[in-house]
1. Shape call for the chain from the C-alpha gyration tensor, a ≥ b ≥ c root eigenvalues: rounded (a/c under 1.5), prolate (a/b greater than b/c) or oblate?
2. Note the angle between two axes, namely the Cα long axis of helix 27-38 and the longest principal axis of the Cα atoms of the chain, as a number of degrees from 0 to 90, rounded to the nearest 10.
3. Per the 1.4 Å probe, what fraction of the accessible area of the chain, in percent, lies on carbon and sulfur atoms?
4. Can you give the FRET efficiency to the nearest 0.05 for L11 and E113, using r as the Cβ-Cβ distance and R₀ = 51 Å?
5. Pick out, from V238, T2, I220, the residue whose Cα sits farthest towards the positive end of the charge dipole of the chain, with +1 on the Cβ of Lys and Arg and -1 on the Cβ of Asp and Glu.
6. Would you mind giving the three semi-axes, in whole Å and largest first, of the ellipsoid equivalent to the stretch 25-116 according to its Cα gyration tensor?
7. Which order do the peptides 5-13, 66-74 come out in when sorted by mean C-beta neighbours inside 10 angstrom, highest first?
8. By how many degrees, 0 to 90 and rounded to 10, does the Cα axis of helix 50-64 deviate from the longest principal axis of the chain?
Amino acid sequence: MTNREIAEQCLREEAQAILSLIPQLNEEFDHAVDLIISCRGKVILTGVGKSGHIAAKIAATLSSTGTPAFYVSPLDLFHGDLGVITHDDMVIAISHSGMTDELLRFIPFLIEENISLISMTSNPDSLLAKNSTCHINADIRREACPLNLAPTCSTTATLAMGDALACALIERRQFKERDFARFHPGGSLGKRLLTRARDVMRSEDLPVISPDMPMGETVIHVSEGRLGLCVIVEDGRVTGIITDGDVRRAMQSLREHFFEVNVGQVMTHNPKCVSPNTKISEIQHILQDNKIHAVLVVDDNHRLLGIVDNFSCAL
């Protein structure tokens, strides 16, 4: 087999491993979500080797979506770190076989302290699964590794099941965009979710014209405004908008009569307007859904405050 054929086979087998999880979703998954929702403390994830890496990633995803969680190595738990687990906490233990010795060792402690344990394994009959409060089955047919040895399908499937758990919790917690932004303040994602129209709008030298301006003069104002548009204002209120696209279409339809009309006869009535408190993420949806490149920012009396275009949204 060629390199690409091997790669294609690997991707197909891992994709199939994820799809095979769907029939395995049952009341145990629902029970796990309920346990996490009712947890008054932290969700502590643990696992050994590759399962430990997956557990750490799931913990990070849960923490960023409203469920306080962190990863602890089971080896550290045996050397003093059991103290991090309180009666308000719960544990998610990940093991492909469900027979990992390092995980089995601290089950008696969890039982004695009445601490809930969710296990995620490929073996519902394993000791870990049988001694858990509930068990999430992440069984796979085989690994994508040509030797059927290296964790490939199993880790991919477990990671996907962790994401499924996180998504269910997002819905149950009614976790919103603003909540997500609070946990991601450093990057462009957080900026888009927290930044408002007032923070980025152009508010000076706005290309404002009256509805009786001749089209010949309007073309000049659209060009000089450097936004590809002019806002039509009458009695201090926004009544319409004309873009360079509107100008081109008017030229094509009116031809020699183009210079005989005024902008009020060509402008787009009821342009897309937003308040100064509108989030940039929402404005981006408006621009995309309506296939336009700018929105007008107005106050409660429909007086123009500014303009936000695609460039302003590119945080």
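1. Working: a/c = 4.10, a/b = 2.50, b/c = 1.64.
Here the chain falls in the prolate category.
2. Here the helix axis deviates by roughly 70 degrees.
3. Details: 8650 of 16990 Å².
Result for the chain: 51 percent of the exposed heavy-atom area is carbon or sulfur.
4. Working: r = 43 Å, r/R0 = 0.84.
Between L11 and E113 the formula returns 0.75.
5. I220
6. Values: eigenvalues 69, 49, 40 Å².
For the stretch 25-116, the ellipsoid semi-axes come out as 19, 16, 14 Å.
7. Numbers: 5-13: 12.8, 66-74: 19.1.
The most tightly packed comes first, giving 66-74, 5-13.
8. Rounded to the nearest ten degrees, it is 40.
The values are calculated or read from the model by the stated rules, or taken from the named source; none is laboratory data. The model shown is predicted, which means the values in this text are computed figures rather than measured ones. Because the Cβ atoms are built from the backbone with ideal geometry, glycine has one as well, and the counts that use them run over all protein chains shown. Accessible surface is based on the protein model in full, side chains and every heavy atom, while ligands, DNA and RNA are left aside. Shrake-Rupley method; radii C 1.70, N 1.55, O 1.52, S 1.80 Å.
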